[in-house]
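Let me begin by presenting the structure, written as structure tokens, before commenting on it.
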Amino acid sequence: MAILSHPERLSIRGPSVYEDQARRTWLPLVTATGGLLQVRLRQVDVPPGHIVLPSPLPPTSMPWGWALHPGGRYLDSMGQFWRIVSHVGADGREEMVLELLPGP
């Protein structure tokens, strides 16, 4: 089921764990296909202090956070825009795919 209400912000909470404004946790999976960088964020309950295996990208390559902007885009902490490719939900969980937009 498609979801039209996106998190206003996603902030790093720990290694490979992001948290939205509702304190829900999201785990990223980074993929690069055909020169396009995508991040699949899956909403999963991660208890505080729980250690999660890191993303394949080094921590310096992942943004510290994303903020929702008009037009279905997120601006990350490194000044890059990401478009929302999809945002779906099933069984009370959400999954969102973001794709890095080319720079100016």
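Sticking with the crude label model, points 7 Å out along Cα→Cβ, report the distance from residue 86 to residue 3 in nm, one decimal please. A separation of 1.4 nm, rounded to one decimal place. Can you compute log10 of I(q)/I(0) for the chain with the Debye formula, treating each Cα as one identical point scatterer, at q = 0.12, 0.17, 0.21, 0.24 Å⁻¹? So the normalised log intensities are -0.36, -0.75, -1.18, -1.56.
Any read-out appearing in this document is the output of simple, stated calculations on the displayed coordinates, not a laboratory observation. Note that the structure is a prediction, hence the values are computed from the model and not measured. Because the Cβ atoms are built from the backbone with ideal geometry, glycine has one as well, and the counts that use them run over all protein chains shown.
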